[in-house]
Structure formats: structure tokens, C-alpha cells
Amino acid sequence: MSLRGSGVGLWWTLALLVAPGAHAFSDADAVRVFTFARAQLADTTAEMPSVNRSPKASLSNGTWTTVANTDRIAWTQGFFPGSMWFMYQVASEPVWRDRADLWTRPLEVQKTNTETHDLGFKMFLSYGNAWRLTGNTYYRDVLLTSAGSLATRYNSTIGIIDCCDWNPNWDIPLVTDTMVDIELLLWGAQNGGPAVWRTMAVNHALKTLADAVRPDGSSYHYVDYRANGTIRSRGTFQGYSSTSTWARGQAWLIYGYTMVYRYTGDARFLDAARKVTDYYLANLPADRVPNWDFNAPSQSKDSSAAAIVASALLELSALETDAARRTTYRDAALGMLDSLVSPAYFAQGTNSPGLLLHGVGNFPAGQEINVSLIYGDYYFLEALLRFNPRPNYPWYSKLDFYRSQHLLGTTNTGIRNVEFDLTPLADNLNGGVVGWTDSSTEVTSFTRLNMAVRMSPEGIFQVRNGGGYSWIRRVPYVRGQTYHFRMRVDLNARRYTVWVTPPGAAELLLVDNVAFRSDAPAINDLGRAAVISTVVDSDFRVNNHRVLAPTLAPGVAQAVEAAPPVPLPEALWRELDAPERVSTGPAGPSER
Ligand code: GLY
């Protein structure tokens, strides 16, 4: 009997088990993870021998095993570029877009690979995130070719995507993992590909539900079919036994059915997602991170399964039609994230090159046991972005112009209000600036900035005005204090007015209707902000940067570049002040 069908009593037992409302997961936790991820991923870019290899599992010496971009059967190459695309999503820094792109493009060689069911993992997480975040049609076109390749593996007699030619023990198998790969087909059918791709994905999902999911919601890892569609065998490849449930295999089902429901709105898939989720939640240990297999006597936690499910349940809770389940699934996801950000699982302070400790790659094969896994890290970041798509990540000043930049888009034209909080983190900032220019202008020197708020070597705030600097009154800046800035920018008149509010004081006019820098390039939009140090990286920071469109009602503005709302405690900001360790971007000249 399925959990869902077993009546109200069992459902409420499950609800009580997973929904005590005791989770504490917060924006501050998300920012802490992204701050750490920034340094870990930057280090990993430096560690990779080339853009043709990507990390997979941690080694005890603090490095990664790597996989070649050309490996046709390997499934993990998309996770590293995908994680870097997530970093680009966090703060719109070109450095992360460029790093992500560097590891995405070498995977184009896979787009015609018809030997694997795992093209979804490889391509959708790399090229799919690239397309989502940039709208560059190159990425879309590669994805569509890839979807066509995956579609060649569809067996129309059985109604499945055939998984694994490499295994001589199987004839025509499916594995639960493929439930995630088929997003490539569903996306493709919605984005210019043939409608039959959607039918293939739907049929595959239904066949997996019929044959790999047991009545109680647990699962076989694989089902192997004869050519006529009858089942040859079913069991496990990476789990403990043919009657057990491999934790990550179950996680792929939870993620997959939730995703298919998102694309189709078909209630059969919501029911399937509930069924596999309810089994998973009812069998979790207290810390909500499962053993590698729910039924194995050997104990080794798999944090990657927890990260996949946390991400899936944040989506499932958003799609749920039943209010009680919505709450249960969201609380369960946040409880999982609470565990994953605790010292028991979070890799900060260890020698791991990844984000999460205690993942299991393939226990029966004795491979990758109790390690960090690039895919666990990817879904961990995805879960955080599902929790808050644009976390209140601080912008730290950078010495090189390339790394100092944040993209604001092309829509901020005409008259705009800009607001932000600026905190000096050192006594002498020697002319560090927050500056703005056009979306199409790469900032390679101070002269590229049309307007700038500057911290002068004498210790006061100034504003760039034409050929020099202006201020109406001397407002000193003090290390560790946060100053709120408000600017009114008229891009057509090329003039701006700046007010500053020191802590505990009234707002002061700093400059009134002064000219843009006279030797800066023409500006059509307010598309790029740069946060530039002149002494060391991270000697000041900017929070809550917002560009606002003035509305007709005086004193009311409409957010354009939306700012995440929750300010963090000062103690936490200090913890976050560690500078990033690696730069791969071109350094700008140090011209002032
Ligand atoms: N797709 C293979 C795994 O989950 O290990």
C-alpha cells in the first residue's frame, strides 16, 4: 500500500516527523555558503589543468579527481560550469560569466553524442543555465542539437530512453537517474524542438513510475527490458540489493517527477512526486541526510542525495496544490539545508576543495566514499537559489577592474534613482570608488566611469564631477561604519545629485546636479557598476545596491534592479570579509 493511499493517520505521522517548524535556515546561511563557494570554485578553476577537464570527487589531499570534456559516457561534466553559472546569477559579476562560459563551451563536442542517456546532466546544467542567464542563442542552439541526440535513444516499443550500452549485463535498461536527463527533452519541445520530444519524456516518466517505483514509494535503481517490452530483471547498480532503495536513485525520482510536473502540469506526476517523496521522508534519520542506501547495513551518509532532495522539495513545495503538503515539503527542505550548512556537512574549515562533505559516489564499487562530490555541491547551490534567487550577497571592492564589475542589465535609461549602503573596511582607501557606466562599456580604467562616489585619501566622501572631484560638505568615512547613499541620475542631461546618510544622522546633500566625468564614453543606460579598491581587495563593500525608476507620485520609486531585503548582522559581515583568493580574469591597468 502506498503511503499516500494508506490513510490520514500515516500522512500525519509523516507530517509531524518532518514539519516541526524548527528549521533556522536563513538568508545569512545562504550568503555564508555563497561566500565560501566563491573562494572554493575560484580555487578549483586554478586547479584544473585546462578548461577541458572538470572536477568530480574530492581526494584526501584536498584536490579533485577530474573528467575530460570528451568523455562520452561520464555524466558529471556539466556540474562545474553549472555551479559557476549559479555564481554569476548571485551578483552578476562578469568574471563568473566568463569562467562559466570557459568550462561550458568545451562541452559542445558532446552535442552529437548518442551513446549516453546522460546528455541531460552534461548539457542542461551547463548550456541550459547559460541560456537561462544570458539569452545567447548559441547556447540554445547547442541545447537543441543535444536534445535531438538524446531523443535517438528513445525506444518506442517500450517507451523509454535506453540508458546504458556500456553494461553487457543489460539489454534495454532504464535507470532512475534518467528522470533528470529528460528535462533536456521537455525544454527542447518548448523551445523550438519537435513536440514528440515531450511525448518521449512523458512516456519515459510513466514507464519509470510503473516499473521502477514500488507500491510503497521506494524504488529499484534499474529496470532491464527485452525488445518486446517485457521485464528481464530489475534491481540496483549503485545501491545495496535488488530489494533495497539507493538513496540518490530515490533523489533523482523526487527531483525528476517534480520537474516533469513543472513542465506538464499533469497530476499523475504530482502524485508520483508525492509518492517517492513521502517514502524518502518517512525513512530519513534525524539529521535528514540519508545513508547511501536506505536498507544497507553499512553506514555512510550521502550528502549529495540530501542536496538533490532539498532542491527538489523547494520546487515541489512551490508547485504543491495541497497546503499541508506545501508546508511539510518546505519545512523538510529547510531542515535538510540546516543540516548541510552545519559543521557536520559544510566543508568550510576542512581541506576539501568542495562545499559538502560526506558524499557517496558508488559504494558497491568502493568508489568515492565519504567525499565531496561536484554534483552534491551543484544541487546545494541550486537549493539556495530556489530559497532566494538573488541572495543579499555583498559586493566587495576589487583591485582589478575586470573583477570589480557587476552587470545591471540594459533597461535602466532616462532618469534613475540609485541606492546602496557603503561600508569602508579599512582606514585608508586611497581613492577607492563605486562607479557606474554603460552596459556596453567594459571598465578597464577609472576614465571609463561616467559617475563615481569616491573615498578620498584625506578620508572624506567625494563625487567625480567633470574633470575633478566635488563635495558640498566634508563627510568623513570611518572604518566599519555603514553609509547609505542615494543618487538621482539623469542620463540624458549627463548630471547627477548625491545624498549620503551617515549612521544615526540625517541625510546630507553631497553634490547637487554635477556633471558626469567629461572624458568618459557616451552612456545610454546605467548597465554596469564597478566597486574598485586601490589598496587591497575587499577594503570596502557595497550592500543592497538598487536601481529605481522614479514614478509619477513624488517621493515614491519603483524598483528596477530589485534588492534582496534582509540586512545581515555586522558580526557576520566581518566573517565574510575574507578576500577571494584567485583571479583568472584579465587585470585592468591601475590608471586612476
Ligand atoms: N547518475 C549517476 C549517479 O547518480 O551516480
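The values are calculated or read from the model by the stated rules, or taken from the named source; none is laboratory data. As the structure is a computational prediction, the values presented were derived from the model and not from experiment. When we count neighbours, we look across all protein chains shown, and the Cβ atoms used for this are built from the backbone with ideal geometry, even at glycine.
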Output for Cβ contacts, cut-off 7 Å, separation at least six or different chains, first residue acidic (Asp, Glu) in the range 238-262, second more than 15 Å from the ligand (Cβ to nearest atom) and part of a helix (DSSP H, G or I), reads none
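Got a sec? Which of Gly414, Gly435 is surrounded by 21 or more Cβ atoms within 10 Å (Cβ to Cβ) and either touching a residue at least 24 places away in the same chain (Cβ under 8 Å) or out of contact with any strand residue (DSSP E or B) (no Cβ under 6 Å at 6 or more places or on another chain) (or both)? Before you say what the answer is, go through the steps one by one.
On the way: Gly414 fails: surrounded by 21 or more Cβ atoms within 10 Å (Cβ to Cβ).
So the residue among Gly414, Gly435 that is surrounded by 21 or more Cβ atoms within 10 Å (Cβ to Cβ) and either touching a residue at least 24 places away in the same chain (Cβ under 8 Å) or out of contact with any strand residue (DSSP E or B) (no Cβ under 6 Å at 6 or more places or on another chain) (or both) is Gly435.
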Going through (1) over 22 Å from the mean Cα position of the chain (by Cα); (2) crowded, with 24+ Cβ neighbours inside 10 Å one by one, Trp187 fails only at (1)
Of everything in the range 431-472, what is under 31 Å from the mean Cα position of the chain (by Cα) and in a loop (DSSP other than H, G, I, E, B)? Give them in sequence order.
Asp438, Ser439, Ser440, Thr441, Glu442, Val443, Thr444, Ser445, Leu449
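Within the range 311-324, can you find the residues that are part of a helix (DSSP H, G or I) and either farther than 21 Å from Ser26 by Cβ or more than 16 Å from the ligand (Cβ to nearest atom) (or both)?
Leu313, Leu314, Glu315, Leu316, Ser317, Ala318, Leu319, Ala323, Ala324
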Any idea how many residues of the range 216-230 are in a strand (DSSP E or B) and away from the ligand (no atom under 16 Å from the Cβ)?
2
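Criterion first (surrounded by fewer than 17 Cβ atoms within 10 Å (Cβ to Cβ), more than 16 Å from the ligand (Cβ to nearest atom) and either free of Cβ contacts under 8 Å to residues at least 12 places away in the same chain or not in a loop (DSSP other than H, G, I, E, B) (or both)) does Ser233 satisfy it? Spell out how you get there, then give the answer.
Numbers: surrounded by fewer than 17 Cβ atoms within 10 Å (Cβ to Cβ): yes; more than 16 Å from the ligand (Cβ to nearest atom): yes; either free of Cβ contacts under 8 Å to residues at least 12 places away in the same chain or not in a loop (DSSP other than H, G, I, E, B) (or both): yes.
Spelling it out, Ser233 is indeed surrounded by fewer than 17 Cβ atoms within 10 Å (Cβ to Cβ), more than 16 Å from the ligand (Cβ to nearest atom) and either free of Cβ contacts under 8 Å to residues at least 12 places away in the same chain or not in a loop (DSSP other than H, G, I, E, B) (or both).
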Which of (1) surrounded by 17 or more Cβ atoms within 10 Å (Cβ to Cβ); (2) under 21 Å from Asn412 (Cα atoms) does Ser440 not meet, given it meets every other one?
(1)
Please determine, by comparing only the residues of the range 29-53 that are assigned to a helix (DSSP H, G or I) and of a type in the set (S, T, N, Q), which one is farthest from Gly349 (Cα to Cα).
Thr45
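So that you can scan it fast, the table gives a plain yes or no per residue for (1) under 19 Å from Pro391 (Cα atoms); (2) at pLDDT 95 or above; (3) under 24 Å from the mean Cα position of the chain (by Cα):
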| site | (1), (2), (3) |
| --- | --- |
| Ala515 | no, yes, no |
| Val547 | yes, yes, yes |
| Val566 | yes, no, yes |
| Trp573 | yes, no, yes |
| Glu580 | yes, no, yes |
Yes or no: the range 258-266 includes at least one residue that is hydroxyl-bearing (Ser, Thr, Tyr), within 18 Å of Phe387 (Cβ to Cβ) and more than 16 Å from the ligand (Cβ to nearest atom).
yes
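Out of the residues in the range 143-171 that are among the β-branched types (Val, Ile, Thr) and crowded, with 21+ Cβ neighbours inside 10 Å, state the one that is nearest to Ala100 (Cα to Cα). Break it down stepwise before answering.
Of all residues in the range 143-171, those among the β-branched types (Val, Ile, Thr) come to 145, 152, 157-158, 160-161.
Among the residues that remain, those that are also crowded, with 21+ Cβ neighbours inside 10 Å are: 158, 160-161.
Values: Ile158: 38, Ile160: 32, Ile161: 29 Å.
Once the filter is applied, the top-ranked residue is Ile161.
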Taking the condition part of a helix (DSSP H, G or I), basic (Lys, Arg) and within 16 Å of the ligand (Cβ to nearest atom), does Lys56 pass?
no
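Check every one of the helices (runs of 4 or more DSSP H) wholly within the range 104-215 and list those with 1 or more residues that are among the aromatic types (Phe, Trp, Tyr) and more than 29 Å from Pro55 (Cβ to Cβ). Lay out the reasoning, then the answer.
Values: elements: 129-134, 137-151, 178-181, 183-190, 196-211.
Filter on the range 104-215 gives 196-211.
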If you go through the range 116-125 one residue at a time, do you hit one that is more than 16 Å from the ligand (Cβ to nearest atom), of a type outside the set (A, V, I, L, M, F, W, C) and either within 24 Å of Arg403 (Cα to Cα) or touching a helix residue (DSSP H, G or I) at 6+ places or on another chain (Cβ under 7 Å) (or both)?
no
For the list (1) within 16 Å of the ligand (Cβ to nearest atom); (2) in contact with a strand residue (DSSP E or B) (Cβ under 8 Å, 6 or more places away or on another chain); (3) farther than 25 Å from Ser58 by Cα; (4) assigned to a helix (DSSP H, G or I), I need the number of the one condition that Ala272 fails.
(1)
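With Leu449, Leu422 as the choices, which residue is closer than 14 Å to Asp539 by Cβ, surrounded by 17 or more Cβ atoms within 10 Å (Cβ to Cβ), touching a residue at least 24 places away in the same chain (Cβ under 8 Å) and not hydroxyl-bearing (Ser, Thr, Tyr)?
Values: Leu449 fails: closer than 14 Å to Asp539 by Cβ.
After applying the criteria, what remains is Leu422.
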Being assigned to a helix (DSSP H, G or I) and β-branched (Val, Ile, Thr) is the filter; apply it to the range 75-103 and report the residue that is farthest from the ligand (Cβ to nearest atom).
Val95
Starting from residues that are surrounded by 24 or more Cβ atoms within 10 Å (Cβ to Cβ) and not in a helix (DSSP H, G or I), keep the ones in the range 346-384 and report whichever is farthest from the ligand (Cβ to nearest atom).
Leu355
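Within the bounds of the range 147-159, is there any residue that is within 22 Å of the chain's Cα centre (by Cα), within 16 Å of the ligand (Cβ to nearest atom), within 24 Å of Arg234 (Cα to Cα) and at pLDDT 95 or above?
No, that holds for no residue.
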Pairs returned, first residue in the range 115-127 that is in contact (Cβ under 8 Å) with a residue 12 or more places away in the chain and at negative phi, second residue that is among the aliphatic types (A, V, I, L, M) and within 12 Å of the ligand (Cβ to nearest atom), beta-carbon separation under 6 angstrom, 6 or more apart or interchain, are Thr116/Ile73
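Which is away from the ligand (no atom under 16 Å from the Cβ), among the polar types (S, T, N, Q), in a loop (DSSP other than H, G, I, E, B) and under 25 Å from Leu206 (Cα atoms), of Ser242, Ser298? Full working, then the answer.
Details: Ser298 fails: under 25 Å from Leu206 (Cα atoms).
Answer to the check: Ser242.
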